[in-house]
1. Pick out, from the range 457-517, the strands (runs of 3 or more DSSP E) lying fully within it that include 3 or more residues that are within 28 Å of the chain's Cα centre (by Cα) and in contact (Cβ under 8 Å) with a residue 40 or more places away in the chain.
2. Go through the range 101-141 and count every residue that is surrounded by 18 or more Cβ atoms within 10 Å (Cβ to Cβ) and in a strand (DSSP E or B).
3. Among 431, 471, 463, 525, which is open to solvent by 20 Å² or more (accessible area, probe 1.4 Å), modelled with pLDDT of 90 or more and of a type in the set (Ser, Thr, Tyr)?
4. For residue 143, work out the one condition from (1) farther than 18 Å from residue 263 by Cα; (2) out of contact with any Phe, Trp or Tyr (no Cβ under 7 Å at 6 or more places or on another chain) it doesn't fulfil.
5. Going by what's in this entry, would residue 568 be described as without any contact (Cβ under 8 Å) to a residue 12 or more places away in the chain and touching a strand residue (DSSP E or B) at 6+ places or on another chain (Cβ under 6 Å)?
6. Counting only residues that are in a strand (DSSP E or B) and not β-branched (Val, Ile, Thr), which one in the range 150-164 is farthest from residue 119 (Cα to Cα)?
7. Determine whether the range 185-198 contains at least one residue that is modelled with pLDDT of 95 or more, within 21 Å of residue 281 (Cβ to Cβ) and not in a loop (DSSP other than H, G, I, E, B).
8. Return the residues of the range 43-77 that are in contact with an Asp or Glu (Cβ under 6 Å, 6 or more places away or on another chain), modelled with pLDDT of 90 or more and more than 22 Å from residue 451 (Cα to Cα); say none if nothing qualifies.
Amino acid sequence: MVKAYLRYDFASAFGVITSAGNPEFDAEGKHIYTTSLENISVWNVKQGTKVSSLAPSSSTTPTQGAAEATVIARAKKSQLLAVGYSDGTVRLWDLTTSLCTVTLKGHKSSVTALRYHPSGSLLASGSKDTDLILWDVVEETGLYRLRGHKDQITDLVFLTRGNRLISCSKDGLVKVWDLSTQHCSQTVAGYKAEVWSLDLDPQERRLVTGSTDHELRVFQVVGLEEEEEANHVSAAEPTTVSGKGEADGKKAGDVRTGHHYCLRAMGSVKRQAGGHERVSRLRFDEAGTMLACLGTGKSVELFRIRSEAESKKKLKRRKKRRREKMQKKSDKENDNEEQEEMEEQEDVEKEGENEPRATDEFEPFQVVACKSKIRSFAFAPSAALRNAKQAGSKGSGSGGGRDCLARLALSLSNNVLELVDVLAPAGLLRSEKGFNLEEVTQEVVQKLDQGGHRADIRTVALSNDDQQLLSASNNAVKVWNPQTGACLATMESGYGLCTLFAPGNSHAVLGTKEGKLEVFDLGASTRSHVEEDAHDGPIWSLCALPDRTGFVSGSADKTVKFWQWKVVVSGDGLKQLRLQHIRTLKMADDVLCVRVSPDSRLLAVSLLDSTIKVFYLDTLKFFLSLYGHKLPVLCMDISSDSTLLVSGSADKNIKVRCFVMMVAIAIRQEHQ
């Protein structure tokens, strides 16, 4: 005999502002793209509203839902957005039509890194499967695969000078790939642990890498023109350079026969904030004047890139201090042997005296801190900064005569997207009197938080007509349209644990962790009443009575209380919904869930002792006790014909019990 069963397929997810992936601005900075699980949400920066959503078609996704989007990359010279997913696919979206133009499949596991070539014709992707894949965006096909890393690819960037690709991995290596020969031409080692991120400045002069320590290593891009002319580097014998800039006992970057280097170490820059955290993301701004470093905490550290004149001035001061220091030593030392040793040491130091160091060019600038953990960030393009010059702080009253040095989009772990402007007095960076960091301020110009909860959702309830969905977290109640996923209202509340729609779907009741019952007027989007002394402990469950006259509440104070709906007339003549306590059933342990059978005969109560007690609803006389679960029952329900009881427990088991059989067994036990 063949039986047909209902199956529930994944339909949609809503209330997600930003998830695990990075945000990305459009070319003008007017819109921002964020990962929202499997979808890409498009937000209007000025209005703070959701414009559209890029969702994979249902025909290409499994029934349990599409793979989650993990990384976003935007092409600078075209209207294409590349999105990597946790199933290893890469989708290219046309931003003008909001359609997926092609799906690229080549990785075996989650995509962790994506970068467009500056020309927009090539796309590079890295994955947890340790492979790098080069894609031809125009032909919509894969070109070749680069293998050499032994662990997950964490970041990559194109180097157009010399047709190179630079990648870093959790294996603690940074590799430079020659795309013309499809081989690794240089490997940078010397890191103590994983290399989590890297980025190249827009002028392709400096490469910055971040690992698990408190330093950012800076490399100078050198020797490419000479290498192309001489063609000395063999792809079969790649050069290995340590993180300190040494290769085979020679100084990294020296151009010798057969040893042309792409990267030469310049030293490191110490992180001021979050130095004990690993680096999560490194990015230069579009102008190349700012570097942002994100750890795993609640702050983003900004470094200012000094101009060439400032760097030379810094180098000149450093050389002057060295000469003065050596002169003082020479005045104090009279021993000839020590004098000779000092002179030898001075000669060694003079070899790199004219070479710039990382500290000559990178200066700690500002720390942007948030109240929640930052997942990722993105710099706004230069066009957005020009529009935000002083207008970015319009309405604040404190932005007169101030320049917007940088705008950051911060993706927070509490489902919030913040836009922060770094402001300074006009012309401060160009002032010859020096740079005063105290005059630099930061301001949150936009916060996208109305479309989702800030913490875990503890309870949801669907109205009888399926037109409203109510959800509650630790401090707010939200009303949603289940068909469109739009947030209709947001109301402040206590720590919600359970919720229930009142008859008519115009009001709702929320049971809180503090033991209160809160009544909400959904039409007015307000909290109309609070029953302060409803229970003495957290209210874990609410269940409506079948006759629609009231509901039942179960709490950790070991009581089950019956409530009745009551309409009162306020002083201004408006009718308001209130709650009236009718009777109380005391239990021997904490109550976790209560359910009433649709025929109004039985009341089922699950307790902390892993049992389910069943009572007669009219007399509250004990009927029977149900055992079987090894841990407490957290949820249960009774079928519409009042014959089956389904219980779900913390022991990861679901049990289905038949009331008819239970009644027969109980009668037999009474006769015995």
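The values are calculated or read from the model by the stated rules, or taken from the named source; none is laboratory data. Fair warning: this is a prediction, and the values are worked out from it, not measured in the lab. Note: ideal-geometry Cβ built from the backbone for every residue, glycine included; neighbour counts use all protein chains shown. With ligands, DNA and RNA removed, areas are computed over all heavy atoms of the protein, side chains included. Shrake-Rupley method; radii C 1.70, N 1.55, O 1.52, S 1.80 Å.
1. On the way: elements: 459-462, 469-472, 476-480, 487-492, 496-501, 507-512.
Output list reads 476-480.
2. 17
3. On the way: 431 fails: modelled with pLDDT of 90 or more; 471 fails: open to solvent by 20 Å² or more (accessible area, probe 1.4 Å); 463 fails: open to solvent by 20 Å² or more (accessible area, probe 1.4 Å).
Step by step, each of 431, 471, 463, 525 is checked, and only 525 is open to solvent by 20 Å² or more (accessible area, probe 1.4 Å), modelled with pLDDT of 90 or more and of a type in the set (Ser, Thr, Tyr).
4. Only one criterion is unmet by residue 143, namely (2).
5. Working: without any contact (Cβ under 8 Å) to a residue 12 or more places away in the chain: yes; touching a strand residue (DSSP E or B) at 6+ places or on another chain (Cβ under 6 Å): yes.
So residue 568 passes the test.
6. As a first pass, look at the range 150-164 and keep what is in a strand (DSSP E or B): 153-159, 164.
Retained after the next criterion (residues that are not β-branched (Val, Ile, Thr)): 155-156, 158-159, 164.
Numbers: 155: 19, 156: 16, 158: 10, 159: 11, 164: 14 Å.
Residue satisfying both the conditions and the ranking: 155.
7. Checked the range 185-198: at least one residue is modelled with pLDDT of 95 or more, within 21 Å of residue 281 (Cβ to Cβ) and not in a loop (DSSP other than H, G, I, E, B).
8. Scanning the range 43-77 gives a single hit, 74.
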